[in-house]
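A quick write-up on the structure given underneath.
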Amino acid sequence: MTLATAAAPILTIPTPHVDYQALLPVFIVLGAALVGVLVEAAVPRTERFPAQLVVTFGGLVGGLIAVVAEHSTRVATPTPGDGASVSFAGSLALDGVGYFLQGTILALAIVGTLLIAERSVDVASPIVASAALVVGSPDDRRLALSERVQTEIFPMLLFAVSGMLVFPVANNLILLFVALEVLSLPLYLMAGMARRRRLLSQEAAMKYFLLGAFASAFLLYGIALLYGYANTVDLPGILAATRASGKSDVLLYAGMGLLLVGLLFKAGIAPFHSWTPDVYQGSPTPVTAFMAACTKVAAFGALLRVLFVAFNTTSWDWRPLIWAASIASMVVGAVLALTQTDLKRILAYSSISHAGFLLLGLVDVTRKDSIQGVLFYLVAYGFTVLAAFGLLMLVRNADGEATHLSQWTGLAKKSPIAALLMTDFLLSMAGIPLTAGFSAKFIVFRAAYHSAAPLVVIALICSAIAAFFYLRIIVLMFFADPPEDGPTIAVPGWSTTVALTLGVFATVFLGIFPEPIIKLAGHMSVLVG
């Protein structure tokens, strides 16, 4: 007698579609970061700086070329959005908004690297060679000039940029959290690496780390609640659950609120802004410039995708939160900046105010020109703030950078060029016509006016208030006599010269001829879920 045994069913595990070409920009930057770590381990200390520059610029430029090439093959079609898709089991969104933000982050990171590479202004570098060194101490004086150059910061920057590239294209909340941590952890270290004012820098790093960890906990708890509501952490899955789920909406709104806390913190939006002035002031100025530009682009990209994809149908529920955060940011940034006497803190509160202006582009999920306005604003603000901090590095006294307002008195009589450049950047931040800031504010305010006219009126009032502290700096530079012990203007090296040139060009070009970038932003204003 033969016993027939039934064959066990074969378990088939579906394999996700993996588009490695779509992640080529991230792989290039991440690979350059790993090479940078090997350079630190294998290359002699005196030769690391040029080697790290080659690796860092090679990775960033290569990543930018890869983004442009990828966009050309996927999204640049007669009908906008034809090339948009998802990959990695829906975890990554390959769309116009993602490519635009990735290209912006890489372009701004290149300018930020130019500022970090400065070696002519301070003694060797504004970045401390060792965390244990005190400026002017016997150990510091014994170091040769080539040994005072900090090179570990370059791989850290590349690791942070790799996280920033994933953050705005993450279509899955777990991947969003991982990208957030990858971009944040290097920044916590970079904030504490100032060569001068060591205690202030270390305090800034500690504040940033503790508050950042606290905000990450809120975000992770929000993800857990949203998973309990939707049984998925994919943004399209959450959107589908909001339309058909029979579960209590308490989980939805609690999770959404906690998730927004983490994202608003990273963007420096009130009332989650308290870290911004202290971290901007204590961090090395080139690191501050990098954070002020690139981190804001990545954070707003993630915020845009989460709100417009996962919570599209519940926009009437979260719009009041965006209204409140926008008003709080604009008022806090404009009013508290009036009381500041340190230029780095003034620019910090200015960034909070600009974050409030950017939120105007998120109040209406039905308008494509809202996304277009946010994208253009991020480009214009990013180049302007990088150049402003870059110029701040050049005004110095015996203790380092002269950041107190009184030290900028009569600067035009010592260096008319430096005063004119800073005037250009300040007028752009104030939104004066024929500057990039005016074009950016105009397109965002115009898009928001159709659905949030009162909010636009408040934004105009706050812009007028903010113009006062910008103009106060200009008046001090041009219409006051310089003090006898006033600061000197350092001669920048090639890297800072290139960075300032790019900043001036972007500020002027985007103010006089904004149409090409506006059209590009409009063509790429496509979000896929």
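The values are calculated or read from the model by the stated rules, or taken from the named source; none is laboratory data. What you see is a predicted model; the values in this text were computed from it and never measured. Using ideal geometry, Cβ is built from the backbone for each residue, glycine included, and neighbour counts are taken over all protein chains shown. Protein only, heavy atoms only, side chains kept; ligands, DNA and RNA dropped before computing areas. Shrake-Rupley method; radii C 1.70, N 1.55, O 1.52, S 1.80 Å.
Within the range 227-243, none of the residues are within 20 Å of the chain's Cα centre (by Cα), at pLDDT 90 or above and part of a helix (DSSP H, G or I).
Quick check: is even one residue across the range 434-445 more than 22 Å from the chain's Cα centre (by Cα) and touching a residue at least 40 places away in the same chain (Cβ under 8 Å)? Looking through the range 434-445, at least one residue is more than 22 Å from the chain's Cα centre (by Cα) and touching a residue at least 40 places away in the same chain (Cβ under 8 Å). Of the helices (runs of 4 or more DSSP H) entirely within the range 278-350, those holding at least 3 residues that are in contact with a Gly (Cβ under 6 Å, 6 or more places away or on another chain) occupy 315-337.
Just checking, does the range 494-511 include any residue being open to solvent by 30 Å² or more (accessible area, probe 1.4 Å) and part of a loop (DSSP other than H, G, I, E, B)? No, there is no match, as no residue in the range 494-511 is open to solvent by 30 Å² or more (accessible area, probe 1.4 Å) and part of a loop (DSSP other than H, G, I, E, B). Whenever a residue of the range 258-280 is touching a residue at least 12 places away in the same chain (Cβ under 8 Å) and farther than 15 Å from Ala299 by Cα, its partners that are of a type in the set (S, T, N, Q) and not in a loop (DSSP other than H, G, I, E, B), lying with C-beta atoms within less than 9 angstrom and at least six residues away or across chains, give the pairs Pro271/Ser329; Val279/Thr288; Tyr280/Thr288; Tyr280/Ser351. Among the residues of the range 440-452, those that are touching a Phe, Trp or Tyr at 6+ places or on another chain (Cβ under 9 Å) and open to solvent by less than 10 Å² (accessible area, probe 1.4 Å) comprise Ala440, Ile443, Val444, Ala452.
Which residues, counting only those in the range 29-52, are open to solvent by 20 Å² or more (accessible area, probe 1.4 Å) and either closer than 13 Å to Leu158 by Cα or among the polar types (S, T, N, Q) (or both)? Result: Leu30, Gly31, Leu34, Val35, Val37, Thr46. Looking only at residues in the range 139-163 that are farther than 14 Å from Ala109 by Cβ and open to solvent by less than 20 Å² (accessible area, probe 1.4 Å), the one that is modelled with the lowest pLDDT is Asp140.
Looking across Thr285, Thr313, one residue alone is β-branched (Val, Ile, Thr) and open to solvent by 10 Å² or more (accessible area, probe 1.4 Å). It is Thr313.
Considering every residue within the range 182-204, establish whether at least one is of a type in the set (Phe, Trp, Tyr) and either within 20 Å of the chain's Cα centre (by Cα) or more than 22 Å from Asn312 (Cβ to Cβ) (or both). For the range 182-204, residues of a type in the set (Phe, Trp, Tyr) and either within 20 Å of the chain's Cα centre (by Cα) or more than 22 Å from Asn312 (Cβ to Cβ) (or both): present. I'm checking my understanding of the structure. Among residues of the range 164-194 that are open to solvent by less than 10 Å² (accessible area, probe 1.4 Å) and assigned to a loop (DSSP other than H, G, I, E, B), which one is nearest to Val261 (Cα to Cα)? Of everything passing the filter in the range 164-194, Asn171 is nearest to Val261 (Cα to Cα). So, Val279, is that one surrounded by fewer than 24 Cβ atoms within 10 Å (Cβ to Cβ) and of a type in the set (A, V, I, L, M) or not? For Val279, the condition - surrounded by fewer than 24 Cβ atoms within 10 Å (Cβ to Cβ) and of a type in the set (A, V, I, L, M) - is not met.
Any chance the range 252-275 includes a residue that's of a type outside the set (Ser, Thr, Tyr), under 25 Å from Val332 (Cβ atoms), touching a Gly at 6+ places or on another chain (Cβ under 6 Å) and open to solvent by less than 70 Å² (accessible area, probe 1.4 Å)? Yes; the residues of the range 252-275 include at least one that is of a type outside the set (Ser, Thr, Tyr), under 25 Å from Val332 (Cβ atoms), touching a Gly at 6+ places or on another chain (Cβ under 6 Å) and open to solvent by less than 70 Å² (accessible area, probe 1.4 Å). Taken over the range 99-113, residues that are more than 20 Å from Gly522 (Cβ to Cβ) and open to solvent by less than 10 Å² (accessible area, probe 1.4 Å) amount to 6. When we screen Ala412, Ala398 for residues that are free of Cβ contacts under 8 Å to residues at least 40 places away in the same chain and open to solvent by 10 Å² or more (accessible area, probe 1.4 Å), the only hit is Ala398.
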